Amino acid sequence: MAGARSFRLLPLLLLALVFTVQADRLPRLIGGFVEANENEEGVQRALNFAMTEFNRATNDKYGSRVFRVLEVRKQIVAGMKYVFEVEVRRTTCNKSVADLANCPYHENPPLKKHSICHFEVYTVPWLGRTSLLKNECKDA
């Protein structure tokens, strides 16, 4: 009798094992943040938007650009939310320059400035809406 009961529990134990193994392959939290590739097109657009807004908001006459991406995560909501931790450095170009991508960074100590910034960008691509939810920087 005990053998028959054990035999009936075996399928349940196998099913539990399959779910445990499969759980390791699934995202930890549906709708939660996941790591993103900094080279993804959507990530690049969001980061460029954050930097444009960052430069627009500063009183600095020089433009800044991303020196290094430390972390980028994304979350699917009613659109896409991106969270960035980046190192931002001051360039030698004025903010009026349309494209800061080729501007060298300041190396002169009085003008050399870099910060660690936390940006949160929310975008709804199909509505053409993007907003900067958070822009927090501290000197590094």
What are the residues in the stretch 106-136 that are closer than 16 Å to E87 by Cα, open to solvent by less than 40 Å² (accessible area, probe 1.4 Å) and either assigned to a strand (DSSP E or B) or aromatic (F, W, Y) (or both), if any? S115, C117, H118, F119, E120
Determine which single condition K81 fails, assuming it passes every other condition in (1) farther than 30 Å from G31 by Cβ; (2) open to solvent by less than 60 Å² (accessible area, probe 1.4 Å); (3) of a type outside the set (A, V, I, L, M). (1)
Identify, by number, the condition in (1) more than 22 Å from G32 (Cβ to Cβ); (2) surrounded by 11 or more Cβ atoms within 10 Å (Cβ to Cβ) that D139 doesn't meet. (2)
Identify all residues within the stretch 63-78 that are over 13 Å from the mean Cα position of the chain (by Cα), modelled with pLDDT of 95 or more and surrounded by fewer than 20 Cβ atoms within 10 Å (Cβ to Cβ); write none if there are none. F67
In the stretch 26-81, anything within 23 Å of K95 (Cα to Cα) and in a strand (DSSP E or B) is listed as Y62, G63, S64, R65, V66, F67, R68, V69
Here is a check on your reading of the model: is Y105 in contact with a Ser or Thr (Cβ under 7 Å, 6 or more places away or on another chain) and of a type in the set (F, W, Y)? yes
Do we find a residue being at pLDDT 95 or above and open to solvent by less than 60 Å² (accessible area, probe 1.4 Å) anywhere in the stretch 95-102? no
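The values are calculated or read from the model by the stated rules, or taken from the named source; none is laboratory data. Remember, predicted model here, so these are calculated numbers, not experimental data. All Cβ positions, glycine included, derive from the backbone under ideal geometry; neighbour counts span all protein chains shown. Calculation scope for accessible area: heavy atoms of the full protein, side chains included, ligands and nucleic acids excluded. Shrake-Rupley method; radii C 1.70, N 1.55, O 1.52, S 1.80 Å.
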